[in-house]
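Peer 1: What follows is a structure written as C-alpha cells; I'll ask about it next.
Every number in this text was worked out from the coordinates using simple rules, so none of it is lab data. Note that the structure is a prediction, hence the values are computed from the model and not measured. Note that each Cβ is placed from the backbone with ideal geometry, even for glycine, and that neighbours are counted across all protein chains shown.
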Amino acid sequence: MAEYRIALIPGDGIGPEVTGEACAVLDAVGRRHGHAFRTLPVLAGGAAIDATGAPLPDETLETCRECDAVLLGAVGGWKWDTLPGHLRPERALLGLRSGLGLYANLRPATLHPALAAACPLRADIAAQGIDVVFVRELTGGMYFGDRGRREGKFGLEGFDTEAYGVGEVERIARVGFELARGRRKKLTSVDKANVLESSRVWREVVVRVAAEYPDVALDHMYVDNASMQLIRRPSDFDVVVTTNMFGDILSDEAGQITGSIGMLPSASLGDPGKPGMYEPVHGSAPDIAGKDLANPLATILSVAMMLRLSLKLPKEADEVERAVTAVLASGARTADIRQPGDGNAPLGTKAMGRRVVEALGA
Ligand code: IPM
Ligand code: MG
C-alpha cells in the first residue's frame, strides 16, 4: 500500500471545517484505491500565535518540508488583527511560501456549467464559458521586498519595494508557458510596463523565454486593462502569468466572476520533487466560522490538485473533480453558490462534504 505524508494546517476561522471535509474526501479516495494518506496536523497562523506566540513555529516548517504535500485551510481573524505586521497570522502564509520555496501559485478559475446562474456577468458572456489559470509569482515582488517607515516630504511615510530579477521571472514564465502548452496554448503576461521598471524587466524576460515556446501564443496586457478585459471577455483568457501583487488582486476578481470564491482551489509549487502547498483561495471568513456554513468545495478541489501535482495520482484527481461536478449537477448548493429560486435548501459544510464522498462511491 502506497503511503503518502501530508502536513495538515487547519488554521483559523473556517479552516478546520473545510479541511475536515477535504480530509474525509481524501480518506475516501484512499479506501477506493488502497492508498494510505497520513495527515500530520501542524500549527500556523492565529492558532499558532495562541499556542506558541509565533505565527509560524519552526517545527511546522520542518514537518512540511518532510512531507509529500501540505494542505492548508486558512489563517487569520479579527482576534489577531491589531498585532504588529511581523506577528500577524498572514506572516505564516508568507513564511511557508518562502520557507518551502513555493514560487509558483496556480489558481484555476472555472465557471462550472451548473453554476452559470451564479456568475454575475451578463448571460451571453457567461455562456461563452470561463476557464482561466492564473500563475501568480509567489515569493517575490512587493510582498517580499524592502519595506519600512521613514521621514518623507509629507511626514512619516511607509514604503514597500517592488523588484523582480531575471532568474525569478524566467522560472515563473516557464511555469506559465508549460501550462499553456498543455491547454489552449495562449499565455497572457500581465504587468504595468508603461510605468514600472520592474515590469519592463518582467516583460523583456517573458519575451525572451517565449522563444523556447513557439507553439504558445503570447500577449501582454497592462494590469488595469487586464482587470477590465477579464469581465468583458473572460472566455478569451487561457493562462495568465503575473506578479505576486497583480496575481493576488486579479485572482480575487476571477473568483467573483466564476460565481463564488468558495469554489476556487490553488496550488503553490516550488522546484520539482519539493512538497507543494494546497489551499482554497478564500480566506478564514471569521464571520461564518464554526457555523457549518462554509463551502468546502474549494478545499476539496485543492485536494484534487494535490493528488495530481504532488502525489502524481491523476486518475484519483479526476475522480474527485468529477465527483464535485456531479454533486453540483445534482443541485446541491452551499449558501454562497445558491441562487434565488433554487429549490433545495442550502447544505452545510458537512453535508456538502458527505455528498462528495457519496459521489465518489466510497
Ligand atoms: C492570498 C491572500 C494572501 C496574499 C494574504 C492573506 C497574505 O490574500 O493568498 O491571496 O496576499 O497572498
Ligand atoms: Mg488574496
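Peer 1: Calculate, axis by axis, the spread of Cα positions in segment 120-257 along the three principal axes, and write the results as whole Å, longest axis first.
Peer 2: Each principal axis gives a Cα extent; for segment 120-257 these are 52, 38, 23 Å.
Peer 1: What distance in nm lies between label points placed 7 Å from Cα along the C-beta direction at ALA51 and GLU204?
Peer 2: Taking the two extended label points, one gets 4.7 nm.
Peer 1: Ranking request for peptides 340-346, 121-127: highest mean number of other beta-carbon atoms within 10 Å first, then the rest in descending order.
Peer 2: Peptide ranking by packing, descending: 121-127, 340-346.
Peer 1: Still on this structure, I have one more. Taking only DSSP H segments of four or more residues, each worth -39500 (n - 2.57), what value at 222 nm results for the chain once the sum is divided by all its residues, to the nearest 500 deg cm²/dmol?
Peer 2: -12500 deg cm²/dmol
Peer 1: Pick from PRO113, PRO89, PRO275: which is most flexible by mean-square fluctuation in a GNM of the chain where alpha carbon atoms under 10 Å apart are linked?
Peer 2: Among PRO113, PRO89, PRO275, the largest mean-square fluctuation in the Gaussian network model of the chain belongs to PRO113.
Peer 1: OK, next. Could you work out the Kirkwood radius for segment 52-165, taking every pair of different alpha carbons, averaging 1/r and inverting it, reported in Å?
Peer 2: When all Cα pairs of segment 52-165 are included, the Kirkwood radius is 17.8 Å.
Peer 1: What is the set of long-range amide H partners of LEU40 at a cut-off below 5 Å, with H atoms built 1.01 Å from backbone N?
Peer 2: Residues meeting the criterion, in which the H sits 1.01 Å from N, are ILE6, ALA7, LEU8.
Peer 1: May I ask you to list the lysines whose Cα is less than 19 Å away from that of LYS79, ignoring any residue fewer than eight positions away on the same chain?
Peer 2: LYS291
Peer 1: Under a plain spin-label model, where a point goes 7 Å from the Cα along Cα-to-Cβ, how far apart in nm are LEU87 and ASP342?
Peer 2: Going from the LEU87 label point to the ASP342 one covers 4.1 nm.
Peer 1: Count the DSSP beta bridges whose two residues both fall in the chain, then state the antiparallel fraction as a percent rounded to the nearest 5.
Peer 2: If we restrict to bridges inside the chain, about 40 percent are antiparallel.
Peer 1: Let me know the Rg and Dmax you get for segment 176-307 when you use only its Cα atoms, in Å.
Peer 2: For segment 176-307, the Cα-based Rg and Dmax read 16.4, 52 Å.
Peer 1: Taking springs between alpha-carbon atoms closer than 10 angstrom, which of GLY259, GLY247, GLY129 fluctuates most in the Gaussian network model of the chain?
Peer 2: Sorting by GNM fluctuation, first place goes to GLY129.
Peer 1: Using the 10 angstrom Cβ neighbour count as an exposure proxy, how do SER268, SER199 rank, fewest first?
Peer 2: SER199, SER268
Peer 1: If you don't mind, there's one more thing I want to ask. Given a Förster radius of 41 Å and the C-beta distance between LYS274 and ALA117 as r, what FRET efficiency does 1/(1 + (r/R0)^6) yield to the nearest 0.05?
Peer 2: Calculated transfer efficiency: 0.50.
Peer 1: So, one more: Please identify, among ALA217, ALA104, ALA294, the residue showing maximal mean-square fluctuation in a Gaussian network model of the chain using a 10 angstrom Cα cutoff.
Peer 2: ALA217
Peer 1: Sticking with this structure for a sec: Would you mind working out the magnitude of the charge dipole of segment 166-277 relative to its Cα centre, with +1 at each Lys and Arg C-beta and -1 at each Asp and Glu C-beta, to the nearest 20 Debye?
Peer 2: Computed charge dipole of segment 166-277: roughly 280 debye.
Peer 1: For the chain, what is the per residue volume of the convex hull drawn over the alpha-carbon atoms, in cubic angstrom?
Peer 2: 146 Å³
Peer 1: I'd like the Karplus ³J(HN,Hα) series for segment 125-135: coefficients 6.51, -1.76, 1.60, θ = phi - 60°, whole numbers in Hz, and an x wherever there's a Gly or Pro.
Peer 2: Rounded to whole hertz, the list is 6, 4, 4, 7, x, 9, 8, 10, 10, 8, 10.
Peer 1: How do MET245, MET277, MET1, MET305 line up, fewest other C-beta atoms within 10 Å first?
Peer 2: Listed from fewest to most nearby Cβ atoms, that is MET1, MET245, MET305, MET277.
Peer 1: Excluding same-chain residues fewer than 8 positions from LYS312, which aspartates and glutamates have a Cα within less than 20 Å of its Cα?
Peer 2: Hits, sequence-local ones excluded: GLU3, ASP27, GLU66, ASP68, GLU178, ASP271, GLU279, GLU321.
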